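Chemist: So that we are looking at the same thing, I have put the structure below in structure tokens.
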Amino acid sequence: MSNRVAISRCKSYHLDEVTESIREVISNTSFPCVKNKKVLVKPNILSDAKTETGITTNPIVVEALINILKEEGAETIYLGDSPGLHSSSFDAHTCGIKDVCERTGTNWVDFTANPVMHKIGKHSLPIARIIDEVDVVISVAKFKTNQLMYSTGCVKNMFGSIPGLNKSSCHVKAPSRSAFADLITEIYKESKCSYGLMDGIIAMEGPGPANGNIRQVGLILGSADSYLTDYAQAMIMGYRIEDIPILMAGKKKGYTKLEPTYPLLDARELVIKDYKRVEIGKEKAIPALIKSNLLKPFHSLMIKIRKTPTFRDDKCVLCKRCVDICPAKALDVVDNHITLNKAHCVRCYCCHEMCPKNAIDII
Ligand code: SF4
Ligand code: SF4
């Protein structure tokens, strides 16, 4: 696989400027041939939030890519995603991505309709049927921090191919950071994704992926090796690559060499020193022996030393989205307050991701 990561400046979401920037990125990397192919475009729609929140891939980036795919002769283009709480009314209008389907004649896909069971690692998991039906899959991620994995990106974006609440249950199947990162790499492999494009024009810093602050970064990134797109993102954010669990899991499994070359801008020269990163967890300091399968009983201890969600009554509107998403059944409403059973909590932070009022702090 090519190790080129192209990074192009793009200061605004004007369609012409974004199109030019994406063209520059894909022409400097190994973009898959889409002529006469069925192509799935998979943006990040963590929740159907307003575009200006920076939670989702910007619809203009999606539209520009689709226009390029059409010009390149793609036979049929599909667009879809599945948020953690995937209600029957979900159609991605608020974030503007469903409107792109209408403007470009692209087919919107419901990932929850007839998913197919796949053996993924040691687990059997449902995956969106469209993954099995297309020739080319393109991950179109958002440049964002993440409380659990420190940065999200093109690899983790394909976690969305697991429909709805099946995603949060993965945190119980793989509760440690390293086990979860391993599972994400297997899901990514199963998704057959062949290109990772990233919207880094307006990015998210701080407590991402849903409750951070937006920040102008002004970049579009892309590589045929999605791990390298994410590598460049992590570097620009100022992380040490060794601290990013998904990158280390992908390298350990031989899915990537993590040896990027930069045909356009060089990520090492784009580091944003004051980017607000998620603090690296204390379990990094635990000896490797304890992390190994030999001492599995200690794994729950590692989870317990992770930061804990705390619930702010001054912001909470008791919508119960956090209760509904919690895979460990650790949350309840008692006397009009959200209460947490710390013994049950696996520190997955799904509640934080789903809270629409920024009423959960991870401390
Ligand atoms: S998701 Fe947020 S606003 Fe809704 S009940 Fe939970 S803490 Fe409150
Ligand atoms: S309370 Fe929040 S962090 Fe804890 S298990 Fe539930 S969703 Fe995950």
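The values are calculated or read from the model by the stated rules, or taken from the named source; none is laboratory data. The model shown is predicted, which means the values in this text are computed figures rather than measured ones. No Cβ is skipped: glycine too gets one built from the backbone with ideal geometry, and neighbour counts run over all protein chains shown. Side chains are part of the model used for accessible areas, which takes the heavy atoms of the whole protein and leaves out ligands, DNA and RNA. Shrake-Rupley method; radii C 1.70, N 1.55, O 1.52, S 1.80 Å.
Chemist: Between Tyr275 and Asp16, 0.36 nm times their residue separation minus their Cα-Cα distance comes to what?
Modeler: Numbers: separation 259, 0.36 × 259 = 93.24 nm, distance 2.81 nm.
Additional length available on full extension: 90.4 nm.
Chemist: Cα convex hull of the range 158-277: how many Å³ per residue? Display every interim value, and only then the final one.
Modeler: Details: hull volume 13.8 nm³, N = 120.
Normalising the Cα hull of the range 158-277 by residue number yields 115 Å³.
Chemist: I've got another one for you. State the extension gain, in nm to one decimal, for the chain segment bounded by Asp313 and Lys252, taking 0.36 nm per residue of separation less the distance between their alpha-carbons. Each step should come with its number before you reach the end.
Modeler: On the way: separation 61, 0.36 × 61 = 21.96 nm, distance 4.28 nm.
Fully extending the segment from Asp313 to Lys252 adds 17.7 nm.
Chemist: Next question. List, in order, the whole-Hz ³J(HN,Hα) value for each residue of the range 124-134 obtained from phi through the Karplus relation with A = 6.51, B = -1.76, C = 1.60 and θ = phi - 60°; use x for Gly and Pro.
Modeler: Karplus-based 3J(HN,Hα) across the range 124-134 equals 9, 10, x, 9, 3, 4, 4, 4, 7, 9, 9 Hz.
Chemist: Highest first, please rank the peptides 314-321, 163-170, 56-63 by the mean number of other Cβ atoms sitting within 10 Å of their residues. Could you put the intermediate results ahead of the total?
Modeler: Values: 314-321: 13.4, 163-170: 19.5, 56-63: 25.1.
Descending packing order for the listed peptides: 56-63, 163-170, 314-321.
Chemist: Restricting to Cα pairs below 8 Å that are 6+ residues apart, what does the relative contact order work out to for the chain? Please round to a whole percent.
Modeler: Answer for the chain is 19 percent.
Chemist: Would you mind getting me the FRET efficiency between Asp361 and Ser89? Use the beta-carbon distance for r and R0 = 25 Å, nearest 0.05.
Modeler: On the way: r = 29 Å, r/R0 = 1.17.
Plugging the Cβ-Cβ distance into 1/(1 + (r/R0)^6) gives 0.30.
Chemist: Return the carbon/sulfur percentage of the accessible area of the range 6-269, one whole number, probe 1.4 Å, all protein chains in place. Intermediate results must be reported in sequence, preceding the final value.
Modeler: Numbers: 4380 of 9120 Å².
Ligands and nucleic acids excluded, carbon and sulfur reach 48 percent.
Chemist: Can you order the peptides 322-333, 145-156 by their average number of other Cβ atoms within 10 Å per residue, highest first?
Modeler: 145-156, 322-333
Chemist: Amide H to amide H, which residues 5 or more places from His118 or on other chains are under 5 Å from it, using H placed in the peptide plane?
Modeler: Under 5 Å from the amide H of His118: Leu125, Ile127.
Chemist: Please give, to one decimal in nm, the separation of the simple spin-label points placed at Val172 and Asn336, each 7 Å out from Cα toward the Cβ.
Modeler: Result for the modelled spin labels: 3.1 nm.
Chemist: Given the Cα atoms of the range 66-197, and with Rh set as the inverse mean 1/r over their pairs in the Kirkwood sense, what is Rg to Rh to two decimals?
Modeler: Numbers: Rg = 14.8 Å, Rh = 15.5 Å.
Rounded to two decimals, Rg/Rh equals 0.95.
Chemist: Distance check, please: which entries in Lys38/Lys251; Lys70/Lys167; Lys189/Lys257; Lys142/Lys167; Lys70/Lys144; Lys70/Lys156 exceed 21 angstrom between their Cα atoms? Numbers along the way, then the final one.
Modeler: Working: Lys38/Lys251 29 Å; Lys70/Lys167 32 Å; Lys189/Lys257 15 Å; Lys142/Lys167 19 Å; Lys70/Lys144 28 Å; Lys70/Lys156 26 Å.
Among Lys38/Lys251; Lys70/Lys167; Lys189/Lys257; Lys142/Lys167; Lys70/Lys144; Lys70/Lys156, the Cα-Cα distance tops 21 Å for Lys38/Lys251; Lys70/Lys167; Lys70/Lys144; Lys70/Lys156.
Chemist: Going by a ≥ b ≥ c, the root eigenvalues of the Cα gyration tensor, does the range 6-269 fall in the rounded group (a/c under 1.5), the prolate group (a/b larger than b/c) or the oblate group? Can you show the working numbers first?
Modeler: Details: a/c = 1.28, a/b = 1.04, b/c = 1.23.
It is rounded, given that a/c, with a ≥ b ≥ c, falls under 1.5.
Chemist: Same structure again: Determine the per residue accessible area of the chain with all protein chains present and a 1.4 angstrom probe, expressed in square angstrom. Walk me through the numbers on the way to the answer.
Modeler: Values: 15040 Å² over 363 residues.
With the other protein chains kept in place, the chain gives 41 Å² per residue.
Chemist: I would also like to ask the following. Rg and Dmax of the range 1-43 over Cα atoms: what are they, in angstrom?
Modeler: 12.1, 33
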